[in-house]
1. Of the numbered conditions (1) in contact with a Phe, Trp or Tyr (Cβ under 9 Å, 6 or more places away or on another chain); (2) assigned to a helix (DSSP H, G or I); (3) polar (S, T, N, Q), residue 16 fails exactly one; give the number of that condition.
2. Would it be correct to say that residue 356 is modelled with pLDDT of 95 or more, closer than 23 Å to residue 91 by Cβ, in a helix (DSSP H, G or I) and more than 23 Å from the chain's Cα centre (by Cα)?
3. Could you tell me whether any residue of the stretch 144-157 is at positive phi, surrounded by fewer than 20 Cβ atoms within 10 Å (Cβ to Cβ) and in contact with a Leu (Cβ under 8 Å, 6 or more places away or on another chain)?
4. Mind checking which pairs have a first residue in the stretch 233-247 that is of a type in the set (Gly, Ala, Ser) and a second that is crowded, with 17+ Cβ neighbours inside 10 Å, Cβ under 7 Å, 6 or more apart or different chains?
5. It is to be established whether one or more residues within the stretch 81-104 are over 25 Å from residue 17 (Cα atoms), free of Cβ contacts under 8 Å to residues at least 24 places away in the same chain and surrounded by 19 or more Cβ atoms within 10 Å (Cβ to Cβ).
6. Taking only pairs six or more apart or across chains, which ones have beta-carbon atoms under 8 Å, a first residue in the stretch 311-332 that is under 13 Å from residue 268 (Cα atoms), and a second residue that is not in a helix (DSSP H, G or I)?
7. Would you confirm whether any residue within the stretch 252-274 is in a strand (DSSP E or B) and out of contact with any helix residue (DSSP H, G or I) (no Cβ under 7 Å at 6 or more places or on another chain)?
8. Which of the following residues is modelled with pLDDT of 95 or more and touching a Lys or Arg at 6+ places or on another chain (Cβ under 6 Å): 76, 58, 90?
Amino acid sequence: MHSFSKQSEDTLALLTAFFEEHIYPNEETYAEQISNAENRFALVPVMEELRAKAKQQGLWNLFIQPAHAEFADHDGYSNYDYAPLAELMGRVLWSPEVFNCNAPNTGNMEVFMKYATPEQQAQWLTPMLEGDVASSYAMTEPQVASSDATNVELRIERDGNEYVLNGRKWFITSAMYQRTGVFIVMGKTDPDNSNRHLQQSQILVPRGTEGLDIIRPLTTLGYDDAPLGHAELRFTNVRVPAENMLLGEGRGFEIAQGRLGPGRMHHCMRLVGAAQRCLELACVRANSRATFGKQLSEHQSVREDIANSYAEIEMMRSLVLKACHKMDAVGAAEARDMIAAAKIKVPLMAQNVIDRCMQLHGAGGLTEDYCMAEAFNYARWCRQADGPDQVHQMALGKQLIKRMS
């Protein structure tokens, strides 16, 4: 195990204190404000207050890496140094937004840092870094298997100085959110290209553009993930200027691959934190209830579940850190084996650990009285997001067979 930088350790201490003083005490307030809101996807008052405090304390845009430190008020955090910070944020699922570190915004900001023109950065990246604007990434479609991104059908056609978009998207995170101002949309500019990976492009569509309709919010296991939400979208003759194209026609798949490496690991980091918190709650619960004449903590089956959960979390934390270290050393492309291994196993670990913790809490574990049900939902949909388990298993298996045979 490698040491974390002093910057990472100092920031973790500040972040821990911030959680104790501001995040944990406001969990109920946050839930109540969304529940009582006229519009569940509007800005949440307590979130705005907490974001101002975090920004004032320098706990802002912590996801930015050293290569892009010019966009940050700090020296940048390597993947390895960011891991414990993201793990802590995973303990309260809405907390990453407090620090401007929530998905899909972080991945989208990285796209703008890596691939956008100076004009596109000035229009969108700068307000996103300030926290004034959020963004959405529109790739998945309802009519095709989007786990194979080359299946995407939305058409992007050049018409003079404009591009025209037609198609459908769904499960588009942050599309419902009041703060979201721009969509990064993946579609096909050259569907007949013999190279299927050169058919796609990505283009910027501002919210409110004529022909872009939000059809409905969607849920995962009954959760609407307000205020960000997941939505179904329809594009009907949506026109945007030609300068809204990112990087160039035919480079959409390249952008998608460059975007997903760090984002996949951010989810894994947060899931370790979510599982860790649920395990801690389970240990407290085990000492607060008695059945059949003894404490839950004295039952063999309870001890076994807690022991197994602890071991599984530790293994996955180590896998995440090893993957992060390799990403920092050789880049995400060369670390794709470790990224795939983490993406396959960490969400499944979190799902299983949280399930045990829910069971230990009885019927209450299924309710919103505790964080576990929503954390379980997060772990479960992460097994689909950024590529389903089977895609990563197939890619990793192929890579390993080639390497070892």
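1. (1)
2. In short, yes.
3. Checked the stretch 144-157: no residue is at positive phi, surrounded by fewer than 20 Cβ atoms within 10 Å (Cβ to Cβ) and in contact with a Leu (Cβ under 8 Å, 6 or more places away or on another chain).
4. 242/163
5. Within the stretch 81-104, none of the residues are over 25 Å from residue 17 (Cα atoms), free of Cβ contacts under 8 Å to residues at least 24 places away in the same chain and surrounded by 19 or more Cβ atoms within 10 Å (Cβ to Cβ).
6. Close Cβ pairs (under 8 Å, with a partner that is not in a helix (DSSP H, G or I)) amount to 318/1; 321/1; 321/2; 323/335; 324/78.
7. no
8. Exactly one of 76, 58, 90 is modelled with pLDDT of 95 or more and touching a Lys or Arg at 6+ places or on another chain (Cβ under 6 Å), namely 90.
The values are calculated or read from the model by the stated rules, or taken from the named source; none is laboratory data. Keep in mind that this is a model prediction, so the values were computed, not measured. Methodologically, a virtual Cβ is constructed for each residue, glycine included, from the backbone with ideal geometry; neighbour enumeration extends over all protein chains shown.
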